[in-house]
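The values are calculated or read from the model by the stated rules, or taken from the named source; none is laboratory data. It should be emphasised that the depicted structure is a prediction, and the values quoted were computed from it without experimental measurement. Every residue, glycine among them, receives a Cβ derived from its backbone with ideal geometry; neighbour counts consider all protein chains shown. Areas reflect the complete protein model, heavy atoms only, side chains present, ligands, DNA and RNA absent. Shrake-Rupley method; radii C 1.70, N 1.55, O 1.52, S 1.80 Å.
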Amino acid sequence: MITTDALVVGAGPAGAAAAIHLARAGRDVVLIDKARFPRDKCCGDGLTTEALRLLEDLGIRPETVPGWNTVTDIVIRNPRGREIRLPLPDTGHHAAVVPRADLDHRLVQVAADAGASVCEGVALRDVEPAPDRVVAHTPAGSIQARYLVAADGMWSPVRKRLGIGPGDHRGEWYALRQYFSGVGPLAQHLVVWFEEDLLPGYAWSFPLPGQRANVGFGIQRGRGPRTGDMTGLWRDLLQRPHIREVLGPSATTDDRHKAWPIPARVDGLPMTAGRILFAGDAVGATDPMTGEGIAQALTCGRAAARAIVAAGAERPRRAAAAYERALQRELVVDHKLARALAHVLETPLGVRGALRLADLTPWTRRNFARWMFEDYPRALILTPRR
């Protein structure tokens, strides 16, 4: 049996961030994932300003990640067809698009470089919590740890083994994406389409290097009349003239489209269970307005590591309490505000009004874009420390 200070289950952004911070703090860490990296992960691949800050803190630099593409402006189309261009500030990086296969692989490499023992292709079979330890059983053997960080996705196997899963919950958002090659020059911008039949969701084209793009849409489950026919809706979207114009006549698909559920209920799921801390999708840490979750996952991973390090091995209640306070402070307040703001985007009138306001002046155009990417003023109002 392997004995370690902390076991991290799941090597996505939340788990990798937790492993990196714990290893750098001198803790013995084992990071396991059922996949082998690089592996694809269904995602829009967008990185917000907050995600970029957190990645920079981990030592992730753009030139070390294949497929990294910095975004300089955003084009938004309202339901009536009016388009506005929102430039991001020309100082620093405020948004980027990176395929998750590349980003997650790099995070796992950084975790290994920091000293974490990375075990790929190792799935969790069972978990046994005890007052002084947690024992996890895998096909490769058992692992005994003082703490376990469960960063193992929306349908967390750890939650399931403990009997505290979200039941038949299928996520607040449902999204679909497909990669395209040979896209035209209009697809070199980050484009967002607020289609009337998607509201309060949206469609996107996110630019990647080499005339490629991540194209997809996200919709809130049960809110639209066609939620149950995602494939049909996708085919319909790709035939719309304004979307075809952006992709260009030479665009071809790289692979089949893929869909995935997105949980956005960090204020509605247990964050801890004894010595177990849930992180990322396992705790529903996704922005309820945009469906974005990478920044939230990285925040969870960092907060879990800090709580464990500060509490020490013999004070699990203190670690759990510190972690829950951190998520309340870092995520829940902003989560509730985002949920309230999302109501503005539920109707065509609300979208048109918001975009008309955003397009009033150069200042509003620049800062609306920053607000979309979790930088300002949303974060400034309620989480000024960011």
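Against the definition (open to solvent by 20 Å² or more (accessible area, probe 1.4 Å), under 30 Å from Thr347 (Cβ atoms), of a type in the set (Lys, Arg) and touching an Asp or Glu at 6+ places or on another chain (Cβ under 6 Å)), how does Arg146 come out, yes or no?
Judged against the criteria, Arg146 is not a match.
If you check Ala35 against the conditions, is it assigned to a loop (DSSP other than H, G, I, E, B), farther than 12 Å from Gly115 by Cβ and open to solvent by less than 10 Å² (accessible area, probe 1.4 Å)?
no
What single numbered condition from (1) surrounded by fewer than 22 Cβ atoms within 10 Å (Cβ to Cβ); (2) in contact with a helix residue (DSSP H, G or I) (Cβ under 6 Å, 6 or more places away or on another chain); (3) not aliphatic (A, V, I, L, M) fails to hold for Thr48?
Going through (1) surrounded by fewer than 22 Cβ atoms within 10 Å (Cβ to Cβ); (2) in contact with a helix residue (DSSP H, G or I) (Cβ under 6 Å, 6 or more places away or on another chain); (3) not aliphatic (A, V, I, L, M) one by one, Thr48 breaks only (1).
Going through Arg106, Arg80 one at a time, which residue ends up being part of a loop (DSSP other than H, G, I, E, B), open to solvent by 30 Å² or more (accessible area, probe 1.4 Å) and either touching a residue at least 24 places away in the same chain (Cβ under 8 Å) or farther than 18 Å from Thr364 by Cβ (or both)?
Working: Arg106 fails: part of a loop (DSSP other than H, G, I, E, B).
Among Arg106, Arg80, only Arg80 is part of a loop (DSSP other than H, G, I, E, B), open to solvent by 30 Å² or more (accessible area, probe 1.4 Å) and either touching a residue at least 24 places away in the same chain (Cβ under 8 Å) or farther than 18 Å from Thr364 by Cβ (or both).
Residues in segment 215-227: is at least one open to solvent by 70 Å² or more (accessible area, probe 1.4 Å), modelled with pLDDT under 95, farther than 21 Å from Asp287 by Cα and of a type outside the set (A, V, I, L, M)?
Our first condition is that a residue be open to solvent by 70 Å² or more (accessible area, probe 1.4 Å); within segment 215-227, this holds for 223, 225-226.
Checking the rest, the ones that are also modelled with pLDDT under 95 come to 223, 225-226.
Now restrict to residues that are farther than 21 Å from Asp287 by Cα: 225-226.
So of that shortlist, the ones also of a type outside the set (A, V, I, L, M) come out as 225-226.
Yes, segment 215-227 has at least one match.
Is it true that Val183 is open to solvent by less than 30 Å² (accessible area, probe 1.4 Å), within 26 Å of the chain's Cα centre (by Cα) and closer than 20 Å to Val98 by Cα? Even if it seems obvious, please write down each step before you answer.
Numbers: open to solvent by less than 30 Å² (accessible area, probe 1.4 Å): yes; within 26 Å of the chain's Cα centre (by Cα): yes; closer than 20 Å to Val98 by Cα: yes.
Spelling it out, Val183 is indeed open to solvent by less than 30 Å² (accessible area, probe 1.4 Å), within 26 Å of the chain's Cα centre (by Cα) and closer than 20 Å to Val98 by Cα.
Can you say whether Arg85 is open to solvent by 50 Å² or more (accessible area, probe 1.4 Å) and among the basic types (Lys, Arg), as far as the supplied structure shows? Working first, answer last.
Numbers: open to solvent by 50 Å² or more (accessible area, probe 1.4 Å): yes; among the basic types (Lys, Arg): yes.
The answer is yes for Arg85.
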